[in-house]
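The values are calculated or read from the model by the stated rules, or taken from the named source; none is laboratory data. Remember, it's a predicted structure, so these values are computed and weren't measured experimentally. Glycine gets a Cβ as well: all are built from the backbone with ideal geometry, and neighbour counts include every protein chain shown.
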Amino acid sequence: MRFLPLQLEAHFFPKVEIEANQIFQPEIEEQADAGMQTKVQLAQHQNNPRKWQVTLGLTSGATDKNLPYRINLECVGFFEVAKDVEEKQAPLLVRTNGAAILYSSAREFLLLITGRGPWGPYYLPTTNFLEPFQAEKEKEASTPSRKPPQKKRKPKTDPAK
């Protein structure tokens with residue numbers, strides 16, 4: 001078995017807001033997962049470039065969706081990247097895998113809390129944290145950089161002609 005070169009050192013939930021939707025109608029078939037939004041933020045330790053903090057925010061989307069619960073949750077995790085990982089590869093590793101680890105923890109946390117709610121346990125939908133990161137990189141690459149305009153050189157003329 002190959003282990004991930006990223007270790008979770010600790011994590012906690014600084015924000016937990018879960019409210020049962022009093023007007024939820026379970027008989028109306030809508031995709032309740034469509035409203036869940038994620039936000040990932042990274043911070044690198046000032047003195048140790050191998051240590052990272054990942055903050056994952058989860059919020060249920062628009063209030064007009066037929067969702068059983070209104071969710072506003074934040075999870076913070078502290079990670080260490082293995083020494084054999086190139087330093088330039090660390091941000092991608094931490095963002096994709098660190099966020100996935102915290103998301104899994106948030107899923108279990110929400111199941112525990114909503115399992116006692118009026119609409120039963122709420123399972124977070126599966127997601128992929130690599131695709132949003134790649135979309136951001138592609139957007140940055142397609143945005144033209146602002147370089148100063150190059151001066152056009154006049155062709156040198158041969159004075160002998």
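The single condition among (1) modelled with pLDDT of 85 or more; (2) over 22 Å from residue 110 (Cα atoms); (3) outside any strand (DSSP E or B) that residue 4 does not satisfy is (1). Pairs only if they're at least six apart or on different chains, beta carbon under 6 angstrom, first in the stretch 64-87 and within 28 Å of residue 44 (Cβ to Cβ), second of a type in the set (Lys, Arg); list them, first residue then second. Going by the 6 Å Cβ cut-off, the qualifying pairs are 74/15; 80/50; 80/51; 81/50.
Might you check whether a residue that is at negative phi, buried (at least 16 other Cβ atoms within 10 Å of the Cβ) and assigned to a loop (DSSP other than H, G, I, E, B) occurs anywhere in the stretch 68-83? Looking through the stretch 68-83, at least one residue is at negative phi, buried (at least 16 other Cβ atoms within 10 Å of the Cβ) and assigned to a loop (DSSP other than H, G, I, E, B). Inside the stretch 9-39, residues that are of a type outside the set (S, T, N, Q), at pLDDT below 95, under 18 Å from residue 99 (Cβ atoms) and part of a strand (DSSP E or B) make up a count of 2.
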